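All remarks here apply to the structure that follows.
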Amino acid sequence: MSPTPLIADLRDQGELPAAGTDLRASLTVDGFLLLRDLLPAERVLAVRQLIVGMMQAEGWLLATDPLHARPDLPLEGTERHRPLYRRLLHHPEFTALAHAPELLAAVGAALGGPVQVHKRVIARLAPPHQPPTQPHQDFQYIRGSLDTLTAWIPLGDCPRRLGGLAVLPGSHRLGFREHVRSTGAGGFGVPTDGIATPWLSTDYRAGDVLLFPACTIHAALPNRCVHEMRLSADFRYQRPDEAIDPDSLRHHYGLD
């Protein structure tokens, strides 16, 4: 179910539009927006260093940076993972990134109105020895409004070999599709057999934001580095007058 070999680069479409461009219209056409250098790199890297410090304190790393993970790094959602993850989800520096003014301005333009930030913010700590997130649509997990947007943010430079995100452009127009059990974070995937659209990805930089709606099919590429981890964040947004699932008003994994 993993993405087929990429034959197109995400930079070919979805770059930060010129001033005055209708972000909502661009998002409707492609099903994603790659917003290069939207966030100050130093702010993103400060969050990265926060997570590095937490993992060092837990003995999860062999070195500081690059993030050389120990082979026995706990799987996401397990009991060994939860104490550190709870502290991170409640840390004001991490949660504040979801409310960065540059990000809220772009999301507001894409939504065409006021913005409600989901409380369920997510951090991904992805070492090479764990299976990548399979192709899926976020609506499988968030429910509520189909117009909910995800902002995927690499917490540091993320070349393709480190396992960045890939998207299927235009797949949001297929509507919500049936998901099946799979490996990787989340535990579900959507079959993409018969979809001829090429997967798109790129070498992401600290400060980049990939924005897409709840029905865009996307997946994480395999982390092909020997030890280095990929750190990223998922933040979600919607208009406050639309339906929202109660779980989106709680911390990830219910770690309130």
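Sequence-ordered 3J(HN,Hα) estimates for the range 213-218 from the Karplus curve with 6.51, -1.76 and 1.60 and θ = phi - 60° stand at x, 5, 9, 5, 6, 8 Hz, glycine and proline given as x. Per-residue ellipticity at 222 nm from helix content only, as computed over the chain with -39500 (n - 2.57) for each DSSP H run of at least four residues, stands at -6000 deg cm²/dmol. Summarising the amide proton neighbourhood of residue 145: residues at separation of 5 or more, or on other chains, whose placed amide H is nearer than 5 Å comprise 245. Residue by residue, the range 128-140 carries 3J(HN,Hα) couplings of x, 8, 10, x, x, 5, 7, x, 6, 10, 5, 4, 4 Hz when phi is fed to the Karplus relation 6.51 cos²θ - 1.76 cosθ + 1.60 (θ = phi - 60°); x denotes Gly or Pro. Comparing 141, 189, 227 along the charge dipole axis of the chain, the residue lying farthest to the positive side is 227, per the Cβ-charge model.
Would you be so kind as to identify which of 107, 216, 25 lies farthest towards the positive end of the dipole of the chain, taking Lys and Arg as +1 and Asp and Glu as -1 on Cβ and the Cα centre as origin? The Cα lying farthest towards the positive end belongs to 216.
Here's how it looks for residue 202: its modeled amide H is under 5 Å from those of 10, which are all 5 or more places away or on a different chain. Over the range 8-254, the Kirkwood radius and the radius of gyration, each from Cα atoms, give a ratio Rg/Rh of 0.93. Here the 3J(HN,Hα) profile of the range 156-170, calculated from phi with Karplus coefficients 6.51, -1.76 and 1.60 at θ = phi - 60°, is x, 4, 9, x, 4, 5, 8, x, x, 7, 10, 10, 9, x, x Hz, Gly and Pro shown as x. Charge dipole (Cα centre; +1 on Lys/Arg Cβ, -1 on Asp/Glu Cβ; no other charges) of the chain amounts to roughly 440 debye. Once backbone amide H atoms are built at 1.01 Å from N, residue 230 has 126 as its partners under 5 Å, excluding neighbours fewer than 5 places away on the same chain.
Bear in mind these aren't lab numbers, they're just calculated from the coordinates by the rules spelled out. No experiment lies behind these values; they were computed from the predicted model shown. Cβ: placed from backbone, ideal geometry, glycine included. Neighbour counts: every protein chain shown.
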